[in-house]
């Protein structure tokens, strides 16, 4: 599931990643933009997703991602999702973001391939169907 | 009449064919070309050599003409930069009004000649700083403005009658411009002395900037309210900055940017004509705003095609009489999306080439994006480099010494035609959607997600082109630097958000709430009866109503817009 929190309108990256992941064979829920961290967490729980991808190009990633982490924890789903963030994120913020509980940080310039690989490594492959 | 006589072109064709056989083929057999085909970024195939054959059909008088006269292909003004250099207008905005006011003064002290204001996302989307969704974004990517008191502080000690000021604000434009006119009034600056621009481009919000506040049709009504009010009362103000820049940042190519932007301009023009306004009164106060990418000749071609197409549209479709109405003027911003995180100093070079293309294309004003913007909003150092880039182009390269220096280039003329032809095809398609009306066509193209889908497709293909290394981006997918380059990025003061919230609380405490309520009721009534809302909105701004309160009333009456999520 991928989404934008807050009011930031830069959604080019979000769309590219959504399509890239879909083309790589994943089921993508495009939750959209202008969402609160609580709304994202509730959707993650309801849809029982494996990955929560957040895109932030507003510079508010530190504040907003710690709220996303907390919202996921409050609903008890933090442990079972892979939480990633992408956007304009200075190098100095990468470590602190990981410390707050973000599993993957993908700054501007990351390839779709890198993200697909990260998701595949972090999410167990689904059981084969009947 | 063509530029060359038929016999001359025939001889050249024969010579070229001979040259291809005797010279070109053996040379390429020895040293093959690096690519099977060469294309511009928007996919126009580029030949190895252009000759008079490629411009044989070109009619100089009708297709190029002279600068400063229709069709303006060669330039908006007769002597261009020989008389007046382009306006160096670096956009700025962060934190509270006080902080941005300091940056404005810094820029004016370092060679800037106009001001341009970036607003934060809460302001752009019409929410107050204390709204639930604003948390963390107050003052982040632009200045936070909630009330007229913020606008007053933003322009403290700046002579409003001497510095042209641009406001990058769209759906809430009516509120911000209302605040600004109120401030001018309080300083006894007559509105006729104000020179500036309000972006007020409602339609591109749905596929470009994505900071919409209202649905397409009502937002277009507000755009028209501003055109109508300013035509009457603020005669030297540019009422809309019809923008392709954001569309480009969202992933469109040069052709799409040109087509959708002109289509927006046509929709506003048709809305204003329907309102009963005279084309020759309002069209001279419309301006344009484009991005500039790396493919230099394609960008120059785009700017030249833009002027020619707009002139013809305004003249033939809207039957304008004054050449002034047909003259396209535009601002250019080099594209943030071309900036690379690796080896960020290389972005100075990118910015310089993009700026050069904008100047060769005849821009009226220019912003060069900061070399550090792949990390954060630009530092002061980055803005100094951007301004210096403009100064070097203006004073050292000599490119500004003559008008339209690339005019007549077989390649550039041929590319100008190709860009125009492809852009026209998009416009025709949108016109078809509207059954002959660009106003209805654009509403339909926006509401159906057509434009967004076109842009998203191009953005995705471009990204894939980078990943497949079809587009080489130095430092990103080739020539990777061994070590990351340390960079001092803008240090955002997180206490700014708290300061803004305190200001907002103080305004709410000290104003007359009864007066605000009454003003908001007037807006509601005006919206329900479809009046021009400028005067009631300005009255509310003067009573210290917040931007969010005014936009809240409009959202109540007009409803909200939900992004369709097209990808």
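Normalised by residue number, the volume inside the convex hull of the Cα atoms of the range B:486-536 is 138 Å³ per residue.
Among B:341, B:499, B:187, B:140, a tally of other beta-carbon atoms within 10 Å of each Cβ gives an order, fewest to most, of B:187, B:499, B:341, B:140. Taking other C-beta atoms within 10 angstrom as a stand-in for reagent exposure, B:130, B:404, B:150 fall in the order B:130, B:404, B:150, fewest first. Equivalent ellipsoid of the range B:54-120: semi-axes from √(5λ) of the C-alpha gyration tensor, largest first, are 40, 14, 8 Å. Pairs of C-alpha atoms in chain B farther apart than 31 Å represent 49 percent of all such pairs. Based on the reciprocal of the average 1/r between different C-alpha atoms, the Kirkwood radius for the range A:81-125 equals 11.1 Å.
For the range B:1-123, the convex hull drawn through the C-alpha positions has a volume of 231 cubic angstrom per residue. Site pair residue A:39 and residue B:557 shows an inter-label distance of 2.5 nm when each label is modelled 7 Å from Cα along Cα→Cβ.
What's the long-distance tail for the protein assembly as shown, i.e. % of Cα pairs beyond 31 Å? Of the Cα pairs, 55 percent sit more than 31 Å apart. Only Cα sites of the range B:108-206 enter the Debye sum here, all with the same form factor; the resulting log10 I(q)/I(0) across q = 0.17, 0.23 1/Å is -0.78, -1.28, listed in q order.
Calculated on the alpha-carbon coordinates, the convex hull of the range B:237-351 measures out at 102 cubic angstrom per residue. The label point for residue B:162 and the one for residue B:535, both projected 7 Å from the Cα toward the Cβ, are 3.5 nm apart. Computed from Cα atoms, the angle from the helix B:173-186 axis to the main principal axis of chain B rounds to 60 degrees. Each of A:11, B:201, B:152, B:530 was scored by other Cβ atoms within 10 Å of its Cβ. Arranged with the fewest first, they read B:530, B:152, A:11, B:201. Were the residues from residue B:381 through residue B:524 laid out at 0.36 nm apart, the gain over their Cα-Cα distance would be 46.9 nm. Note on the range B:171-233 and the range A:22-44: Cα centroid distance 34 Å, given to the nearest whole angstrom. Over all pairs of different C-alpha atoms in the range B:304-395, the reciprocal of the mean inverse distance, the Kirkwood hydrodynamic radius, equals 14.6 Å. Rounded to the nearest 0.05, the FRET efficiency derived from the C-beta distance between residue B:131 and residue A:27 at R0 = 35 Å is 0.60. In the calculated pair-distance distribution of chain A, the portion above 18 angstrom amounts to 49 percent of the Cα-Cα pairs. Along its three principal directions, the equivalent ellipsoid of the range B:358-511 from the Cα gyration tensor extends over semi-axes of 35, 30, 22 Å, largest first.
Taking Cα atoms only, the orientation of helix B:450-467 departs from the longest principal axis of chain B by about 60 degrees.
Laboratory data are not the source of any read-out in this text; all were calculated from the coordinates shown. Since this is a predicted model, take the numbers as computed values, not measurements. Heads up, the Cβs are rebuilt from the backbone with ideal geometry, glycines too, and the neighbour counts pull from every protein chain shown.
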